[in-house]
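The values are calculated or read from the model by the stated rules, or taken from the named source; none is laboratory data. The model shown is predicted, which means the values in this text are computed figures rather than measured ones. Here the Cβ positions follow ideal geometry from the backbone for every residue, glycine too, while neighbour counts run over all protein chains shown.
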Amino acid sequence: MNHLINISEAASLGFHGLALIAAEAPRRLNVRVVAEKLHASEAHLAKVFQSLSKGGLVSSQRGPSGGFILNKPAQEISFLEVYEIIESPVHLTDCPLGYTQCGFHACIFEQKLNKISREILNMFEAIKLSHFSNPADRGTEENKDGAQPLEVQK
């Protein structure tokens, strides 16, 4: 199915995996458990978490009680931060299609795509992991986007 806005599988795994870890804090979750809960490839998820670890969002511990934990509070981790670690920093330009020159004297999109891109960027910056893991964040000014806490199946 074709979608107008696409988020990579890696970014999606990052968002969902971190939300699960935040919901289970302070307990550590290993890649196998997270992959099972997300019905995802363990190998792909491991690569995503390797990037998140290099980006400083999580740390891991080996062993029977090992797994990943967040390196800072969930309310301080935005979806934009996660997205930029996995994909690369977002840079909005004058042309949302990336053209340096346009064949028209005015943008045929009337700058509407720029406005939508900025709104998505602002929304990703406003959404925090705690929105999905902490019932206390439900309905607060920080959570005005209506995101519901994640219910983890145990």
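Filter the stretch 82-94 down to residues that are assigned to a loop (DSSP other than H, G, I, E, B) and without any contact (Cβ under 8 Å) to a residue 40 or more places away in the chain and give me whichever is nearest to Val48 (Cα to Cα).
Step by step, filter the stretch 82-94, then rank; the result is Ser88.
Counting only residues that are in contact (Cβ under 8 Å) with a residue 24 or more places away in the chain, surrounded by fewer than 15 Cβ atoms within 10 Å (Cβ to Cβ) and part of a strand (DSSP E or B), how many does the stretch 57-81 have?
Qualifying residue count for the region: 1.
Between residues in the stretch 95-121 that are within 21 Å of Phe79 (Cα to Cα) and modelled with pLDDT under 85 and residues that are of a type outside the set (D, E, K, R) and not in a loop (DSSP other than H, G, I, E, B), which pairs lie under 9 Å by C-beta distance while being six or more apart or on different chains?
Pro96/Leu113; Pro96/Asn114; Pro96/Ile116; Pro96/Ser117
How many of the residues in the stretch 13-47 are surrounded by 15 or more Cβ atoms within 10 Å (Cβ to Cβ) and either within 17 Å of Phe124 (Cβ to Cβ) or of a type in the set (Ser, Thr, Tyr) (or both)?
Summing the residues that are surrounded by 15 or more Cβ atoms within 10 Å (Cβ to Cβ) and either within 17 Å of Phe124 (Cβ to Cβ) or of a type in the set (Ser, Thr, Tyr) (or both) in the stretch 13-47 gives 8.
What number goes with the only condition from (1) touching a Gly at 6+ places or on another chain (Cβ under 8 Å); (2) under 20 Å from Lys115 (Cβ atoms); (3) of a type in the set (Ser, Thr, Tyr) that Thr93 does not pass?
Condition not satisfied by Thr93: (1).
Of the residues that sit in the stretch 10-56 and are assigned to a loop (DSSP other than H, G, I, E, B) and among the basic types (Lys, Arg), which one is modelled with the highest pLDDT?
Applying the filter and picking the extreme gives Arg28.
Which condition does Ser51 not pass, out of (1) surrounded by 15 or more Cβ atoms within 10 Å (Cβ to Cβ); (2) farther than 17 Å from Gly14 by Cβ, if it passes all the others?
(2)
Could we say that Val48 is more than 17 Å from Ile5 (Cα to Cα) and aliphatic (A, V, I, L, M) here?
Yes; evaluated as a whole, the condition is true for this residue.
Let me spell it out: the conditions are (1) aliphatic (A, V, I, L, M); (2) assigned to a loop (DSSP other than H, G, I, E, B); (3) modelled with pLDDT of 85 or more, and Val152 meets all of them except one. Which number is the exception?
Result: Val152 fails condition (3) only.
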